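Reading through the structure tokens given below for one structure.
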Amino acid sequence: MLRFVGLEEKEDVYPARLSGGQKQRVAIARALAADPKVLLCDEATSALDPKITGEILELLKKINQEKKLTIVIITHEMAVVEKICDRVAIIDDGNLAEIGKVSDVFSKPTSKAAKKLVYPTNPFDASDTEGRLIRVVFDGTSANRPFISDLVEETGKKVNILSANTKSVGGISYGQMVLELPKEAKDQEIVIDFFQKNGLTVSEVEQA
């Protein structure tokens, strides 16, 4: 089992001489030795540097794929969920707030807790903006299309981009933009209709 987790040369080394990442690998090897049906990892990457965190996550992915073992990961790090998880359950104040495929939750979060985790803190104060704000979310199938340019070309309507970001979830790129819509209500509906007809998820951004 030590060979499987990449520690065969550390068989005779005392635990005190192992690094944090190596100790984590030993803990995983001990768990696997019991031939479990489910592997529970509680904060498996906490207190590890980014490089070692990546190595541990790759090991867990290897275990899942090669041993066909279900792995349940408890974590506060959304980057861990993004990198290796297929499904996610979000717990808020002891209650199950949302559960589903990672791709679905990251592209269309429905609960307040999920939105807080999935959507980054915007570098602007929405209360300083008087206009109507929307959030547009897209995935890898549409990430390379210049939607804003197409919007202007096809409808003649312009929007103000207040924030934007992209992230990789399970190898698929997801992105989101917060946009300020035109002042006229009719123009606002034209813009929203354009994005929805092109398969993007559109939601209102609450303002204080």
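Each value in this text was obtained by applying a stated rule to the coordinates, not by laboratory testing. All of these numbers come straight from a predicted model, not from anything done at the bench. With ideal geometry, Cβ positions are generated from the backbone for all residues, glycine too; neighbour counts draw on all protein chains shown.
Details
- Applying 1/(1 + (r/R0)^6) with r as the Cβ-Cβ distance of residue 206 and residue 92 and R0 = 22 angstrom yields a FRET efficiency of 0.80.
- Principal-axis tilt of helix 20-33 within the chain, Cα atoms, nearest 10 degrees: 70 degrees
- Cα gyration tensor shape for segment 8-85, rounded if a/c is under 1.5, else prolate or oblate: oblate
- A DSSP coil position with no more than 14 other Cβ atoms inside 10 Å describes the following trypsin sites (Lys or Arg not before Pro) in segment 50-80: 67, 68.
- Helix 50-66 and the longest principal axis of the Cα set of the chain meet at an angle near 80°.
- Quick note on the chain: its Rg to Rh ratio, both from C-alpha atoms and Rh being the Kirkwood radius, is 1.10.
- Each residue of segment 67-84 was assigned a 3J(HN,Hα) from its phi angle through the Karplus curve 6.51 cos²θ - 1.76 cosθ + 1.60 (θ = phi - 60°); the sequence is 9, 6, 9, 6, 10, 9, 10, 9, 7, 9, 9, 5, 4, 5, 4, 4, 7, 10 Hz, with glycine and proline shown as x.
- A simple charge model with +1 on the Cβ of Lys and Arg, -1 on the Cβ of Asp and Glu and nothing else charged puts the dipole of segment 155-208 at about 220 debye relative to its Cα centre.
- Excluding same-chain neighbours fewer than eight residues apart, the aspartates and glutamates reachable from residue 167 by a Cα-Cα span under 15 Å are 77, 82, 104, 139.
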